[in-house]
Amino acid sequence: METVDAIVIGAGVVGLAVARALGLQGRDVVVLERTGAIGTGGSSRNSEVIHAGIYYATDSLKARLCVRGRELLYAYCASRGIEHRRCGKLLVASSGAQRVRLAGIQAQAARNGLTDLRWLDAAQVRALEPQLDVEAALLSPSTGIIDSHALMLALHADIEAHAGMLALCSPVLAIDSRAALHVLQIGGAVPMELGARCVVNAAGLWAPGLAAATAGLAAELVPQARYAKGNYFSLSARAPFTHLIYPVPEEAGLGVHLTLDLAGQARFGPDVEWITPATPDDIDYHVDPARAAAFDTAIRRYWPGLPHSALQPAYSGVRPKVVRHDEVLKDFVLQGPADHGLAGLVNLYGIESPGLTASLAIAGEVLSLLA
């Protein structure tokens, strides 16, 4: 059986960032990806937004790693020529009740270390975005957009530059962590065993299932998986906006928001649709055109001039939620040796938004857990 120093399972943006960080430490790294390309899961099914870190609970991993990761990501993009833009975001209140909640969000952002938010009244909002009809807004100048695929290509290039290796079409079926060396059962065209001194489970939607198939890991430490599908619609015409537009957040998501890609095309979403596939392989990513009616209603609360019949199905993604003791966890879960007692094993659960923004910071946190 061949052995390597480190294995990262999953070639999404977080897995690639972790593998890059391990390679920069001089470790021999192999990235195992079950599909035929990098970033085919949640990393390519999101809004491509660089988040500022506004909403998350004080001292949570999401808050800390988003704020830290945002600055790391902007610096990395600048150093590697990855296309991105600090376009800014307007978080809008469409009613008096939402205006009160907006003030609470501003206070929460301050607790998270954000000091650049600006409160705008209705007239100031219209001066920036004449098509908006809202009572007030928070302007977040630190929010931006990014070419997520270019980011993943750059991370992959860094991995290879430090002698790391990517193995596609290599699904991990099981892990035996009962001895000092982790032994992985790998499927694919040529099934094999591979040993590693450390393993990072960054498998996204598959992470809880893979943890459940890890011999030596106590079953009570493995959270249950839940899946929140988010559907997106695009705009058939060019949107009259230069900022991202977000309503006040709702349960399980940030509401039906308007984001822009780097070409200026608008897309709306995600909504929240709880699904119950037997495995992630059974997820139906089809966007039901009938959901456009609910999108239309939500969007018109802040953009009443949305052209009729302008929404068209675009794509969908699935948030990897995790449940412990019948409670859906709202934070990232980074489970290391101090949590389960198995040297060299880190499981990453519930890495949803702002995982893209936080990816480089998550990688640094994983190094700390393995130290």
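Bear in mind these aren't lab numbers, they're just calculated from the coordinates by the rules spelled out. Treat the numbers as computed from the prediction; the structure is a model and nothing was measured. Note that each Cβ is placed from the backbone with ideal geometry, even for glycine, and that neighbours are counted across all protein chains shown.
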Worksheet item: If each residue's Cβ is checked for other Cβ atoms within 10 Å, how do 115, 3, 214 rank with the fewest at the top?
Response: 115, 3, 214
Item to complete: Please work out how much length the chain gains when fully extended from residue 75 to residue 275, using 0.36 nm per residue of separation minus the C-alpha to C-alpha distance, in nm with one decimal.
Response: 68.3 nm
Fill in: Semi-axis lengths (Å, descending) of the ellipsoid that matches the C-alpha gyration tensor of region 49-161
30, 17, 9
Worksheet, complete the sentence: Placing each pseudo-label 7 Å from Cα in the direction of the beta carbon, residue 59 and residue 331 end up separated by a distance in nanometres of 0.9
Worksheet item: Give me the log10 of I(q) over I(0) for region 110-245 at q = 0.16, 0.19 Å⁻¹, as the Debye formula computes it from C-alpha points; what are the numbers?
Response: -1.02, -1.20
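Could you put 145, 50 in order, starting from the residue whose Cβ has the fewest other Cβ atoms within 10 Å?
Ascending number of Cβ neighbours within 10 Å: 145, 50.
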Worksheet entry | Zone of residue 300's modelled label, taken as backbone nitrogen in region 128-162 under 16 Å from a point 7 Å along Cα→Cβ | 132-134
Practice prompt. List the relative contact order of region 251-371 as a percent without decimals, with contacts defined as Cα pairs under 8 Å and 6+ residues apart.
Written response: 16
Response to the item:
A chain fully extended from residue 4 to residue 179 at 0.36 nm per residue, minus the present Cα-Cα distance, gains in nm 61.5 nm
Fill in: Cα-centred dipole magnitude for the chain, charges only on beta-carbon of K, R (+1) and D, E (-1), debye, nearest 20
860
Item to complete: Provide the net charge surrounding residue 186, with neighbours chosen by a C-beta distance below 12 Å and charges set as Lys +1, Arg +1, Asp -1, Glu -1.
Response: -2
Worksheet entry | Whole-number Å³ per residue for the convex hull built on Cα positions in region 188-252 | 232
Discussion item. Need the full-extension length gain, residue 149 to residue 126, defined as separation in residues times 0.36 nm minus the C-alpha distance. One decimal, nm.
Written reply: 4.9 nm
